[in-house]
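FYI, it's all coordinate maths here, none of it is from the lab. Here the structure is a predicted model, which is why all the values come from computation and not from measurement. Please note: Cβ atoms are built from the backbone with ideal geometry, for glycine as well, and neighbour counts cover all protein chains shown.
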Amino acid sequence: MYLNRVHRTFPKLKKIITRPQSQAALAEQNEYTETPEYPPILDMSLKARKLRERETLYQKIKEINTVEEKQIALNMPRYYGWKCVMFNETRNPYNTMPLVQYYTRSHFIPVDKLPDYYNDTEEAAKLVVQEIKALVEEAIVIENEGIDRDFPVTNESSIESQKTNALAQSIVKQINRIITNNLTDKLDHILSSQVDIEPRHEAFWFVGGVDPPLEVVRWRKQYPWLKDTYDDPIDRPVQYIGTPMLTLRGKLPLKPIIPYSEAENPEFKVPQFTHTPKTVGYFETHRHGTNIPGYWPGDYDEFGLVSYHGRGHIRGESFGDQDNLEALHCQAMKASFGWLLAQANYQGFTTYNDLTYPLVTQTVVTNGQLWSLYAYQLNTIEMHNDKFDSNPKNNVCFGTKPFKLYDTIENGKVQGLNEEVLKMLVKFYLNTPEERDHDMKPYLGKEEQVVADIEDDNRRSWLEARYKHLVANRPKHFLLPEVYLWEKIYKIRFNTRFFEAKRRPFEKNVNPFNRRLDDHLPPYIPKVLRQYPRSKKKFETTYYPKV
Amino acid sequence: MSTRWYPIYQRGNPQLRVFLPNFWMKIVRPAPKQLPNVVQFQCSIEMTKHDIKNYLEKIYNIPVVDVRTKISLGKFKRDVGKGYIVKDDDIKNAFIVLPKDMKFEYPNIFGDKDGDEDQEKALDEAKKSFKNYIDRNKHRPDVPSWFTI
């Protein structure tokens with residue numbers, strides 16, 4: 001009996017009263033070594049401490065097992081979503097190329113024909129073109145003249161551009177059908193590939209090395225210890241959203257166009273673009289970052305082959321021919337990078353954990369008559385603020401100018417079909433994916449790679465529901481926090497209501513937009529539903545990744 | 001363009017009044033930092049993007065590629081004396097995009113501050129002598145400066 005069990009009732013007593021035993025039992029061990037062992041000397045400056053904090057976050061995200069949890073982890077710091085630069089596929093303001101190149105870290109190489117990588121399939125492509133030529137001509141004529149197209153018009157873009165895209169989409173569907181039909185019995189990867197029509201392509205990443213906005217500089221200026229960091233660049237979350245007309249994807253990845261070691265080639269240069277994206281015409285909205293390559297995690301056909309995009313947004317002559325051409329290049333770079341980044345995310349890489357091998361995709365931008373072809377190799381996805389200047393890798397994009405597939409349609413006949421263009425297109429299909437001899441998913445678990453692999457029923461279904469809800473980006477049930485204008489005038493700018501109780505977040509010096517994703521009450525369990533016989537657990541368990 | 005009528009007869013003087021146009025544009029130093037081919041203006045709040053484009057193209061022969069506008073809130077301040085809060089007018093900012101091979105740099109109108117060392121010296125001297133004068137006379141307030149030995 002120890003103190004007649006009083007110490008259980010008054011736990012603090014235990015500290016005051018000395019132990020009855022004379023000495024604690026200690027295992028025999030020698031704590032002395034030949035040479036002194038010191039703990040590592042850490043830089044304790046503010047910058048270094050913050051960097052270590054961020055590095056632990058990157059490490060934690062890397063160690064998470066499943067794709068979905070990694071995606072939730074990326075969004076953990078923001079309950080209301082990141083303030084993302086919206087990178088729409090079709091939004092290409094004037095002179096946007098430097099920004100797009102820097103944000104996607106793409107070196108652009110203009111070419112007149114496809115790179116040498118495609119030369120092996122020259123003969124096969126010629127044969128296929130001879131077989132499908134007549135069919136393609138017929139399809140073009142029917143789609144252009146034989147069909148009275150009626151499609152729902154939305155207010156999102158001009159009617160003219162929607163008409164162009166609708167026509168292009170039907171032609172693309174036909175040509176894709178003709179080429180795949182011809183190749184299915186010749187090539188395995190075409191037979192087993194999946195065709196997606198208007199899939200959902202979204203990608204999310206961080207770009208560092210961008211000038212801080214005025215508000216951030218103003219915020220920094222109020223703290224004397226931030227004196228050296230007033231103009232330090234900040235991270236910008238970027239969200240790409242695009243809808244291709246049609247994509248093809250398969251089980252295996254395409255071969256790299258250039259060897260992976262070439263990725264660090266200093267000839268592939270991407271100049272830094274430090275101006276805020278607003279100055280070019282890209283604006284920001286609050287949303288959760290999403291990475292969706294047109295299918296959900298766990299799909300077996302997870303590598304892209306070709307994607308087709310419309311060019312209805314190219315506006316006649318307004319910014320001139322040169323800028324229209326650049327707009328096409330930008331669209332292709334954004335679309336290719338966005339799709340590949342989303343695919344890379346499904347392989348377990350994120351914007352914080354760089355790719356360990358290259359990925360390749362092929363992109364076509366067309367309106368049915370004009371076709372421009374792009375081949376894109378993704379070498380790196382790590383360009384956030386800690387890595388933007390130390391990461392030597394760049395992505396590479398080969399792109400052609402728009403070619404005319406045919407000149408005109410006269411009397412129900414296609415005039416001047418350009419077989420070269422058709423051949424290049426066929427070469428994209430003939431480009432056979434190959435199995436890689438390295439681990440494709442080094443940062444995913446061995447047993448659990450997607451949420452569906454998790455055995456615990458509660459955890460699996462909770463994560464599945466949370467992930468789908470997160471990437472749906474539906475509006476919140478409650479209105480977003482807001483500082484009303486009258487408050488800004490009479491409470492923040494001028495202290496005219498000093499006698500009122502201070503209850504609003506800005507009066508308590510809290511930024512509600514810094515709330516974390518898991519900073520909410522979980523669903524309440526009503527008493528009747530609690531576990532028998534007696535359970536004090538009032539709220540359901542949440543399974544947010546611990547980052 | 002002016003919404004005012006051409007001088008109709010008014011009693012009194014002056015008989016000839018000058019009517020300024022409603023449309024005006026003022027070039028300002030850009031904030032935040034803009035691309036070299038972007039120029040920031042403040043303009044009449046009634047001007048639309050088309051007006052701005054025409055104004056620059058037709059009057060000044062400036063090739064305008066794109067116009068972006070933004071109406072920013074006027075500043076609030078406390079009325080001196082009365083103590084209530086008043087607000088300045090809103091400002092329409094126009095960001096004019098020139099062709100990308102063109103450059104515009106906002107001129108440094110007032111020169112560098114470091115350049116005027118002589119002027120600063122003179123100002124310091126003047127300040128010093130004024131302070132001397134105040135110190136000398138601090139014990140005899142309300143006495144005019146000429147009333148001295």
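So the values come out like this:
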| item | result |
| --- | --- |
| Per-residue average of Cβ from other chains inside 10 Å of A:212-220 | 1 |
| Rounded to whole Å, sorted largest first: equivalent-ellipsoid semi-axes of chain A, Cα gyration tensor | 52, 29, 26 |
| For B:ASP66, distant residues with modelled amide H under 5 Å away | B:VAL97 |
| Least to most buried among A:GLU284, A:GLU507 (fewest other Cβ within 10 Å first) | A:GLU507, A:GLU284 |
| Amide H contacts under 5 Å for B:LEU35, placed H, 5+ residues apart | none |
| Gain on full stretching of the segment that runs from A:LYS62 to A:LYS441 - 0.36 nm per residue minus C-alpha separation | 135.3 nm |
| Computed over segment B:25-97: relative contact order in percent, which uses C-alpha pairs under 8 Å that are six or more apart | 36 percent |
| Three-way shape label, segment A:359-407, alpha-carbon gyration tensor, a/c 1.5 | prolate |
| Pairs beyond 28 Å (Cα-Cα), from A:LYS441/A:LYS468; A:LYS476/B:LYS77; A:LYS476/A:LYS546 | A:LYS476/B:LYS77 |
| Equivalent ellipsoid semi-axes, segment B:25-97, via Cα gyration tensor eigenvalues times 5, rooted, Å | 30, 13, 9 |
| Contour excess over end-to-end distance, with Cα ends at A:LYS251 and A:LYS546 and 0.36 nm allotted per residue | 103.0 nm |
| Average Cα contact separation per residue, chain B, under 8 Å, 6 or more apart, as relative contact order % | 20 percent |
| Ranking of A:GLU138, A:GLU326 by count of other Cβ atoms within 10 Å, fewest first | A:GLU138, A:GLU326 |
| Estimated FRET transfer efficiency (B:ARG11, B:TYR60; beta-carbon r; R0 35 Å; 0.05) | 0.35 |
| Reachable aspartates and glutamates from A:LYS221, criterion Cα separation under 14 angstrom, eight or more residues apart if same chain | A:ASP231, A:ASP232 |
| Greater than 20 Å apart at Cα, pairs in A:LYS47/A:LYS269; B:LYS53/B:LYS87; A:LYS269/A:LYS393; A:LYS278/B:LYS75; A:LYS113/A:LYS173; A:LYS255/A:LYS393 | A:LYS47/A:LYS269; B:LYS53/B:LYS87; A:LYS278/B:LYS75; A:LYS113/A:LYS173 |
| Within chain B, longest stretch free of exposed chymotrypsin sites (Phe, Trp or Tyr not before Pro) [DSSP loop, at most 11 other beta carbons within 10 Å] | B:20-83 |
| C-alpha long axis of helix A:159-183 to longest principal axis of chain A, angle in ° | 80 degrees |
| Calculated FRET value between A:ASP519 and A:LYS50, using beta carbons and R₀ = 30 Å, to 0.05 | 0.90 |
| Computed E for A:ASN411/A:ASP389 - FRET, C-beta separation, R0 51 angstrom, nearest 0.05 | 0.25 |
| Inter-chain Cβ neighbour average for residues B:28-35, partner chain, 10 Å | 4 |
| Helix A:419-430 axis, angle to chain A major axis (alpha carbon atoms, nearest 10°) | 40 degrees |
| Prolate/oblate/rounded label for segment A:114-170 (Cα gyration tensor, a/c 1.5) | oblate |
| A:GLU202, A:GLU482, A:GLU264 arranged by Cβ crowding within 10 Å, fewest neighbours leading | A:GLU482, A:GLU264, A:GLU202 |
| Pair A:LYS468, A:SER261: separation of 7 Å Cα→Cβ label points (nm) | 4.7 nm |
| Normalised contact order of chain A, rounded percent, pairs of Cα under 8 Å and 6 or more residues apart | 24 percent |
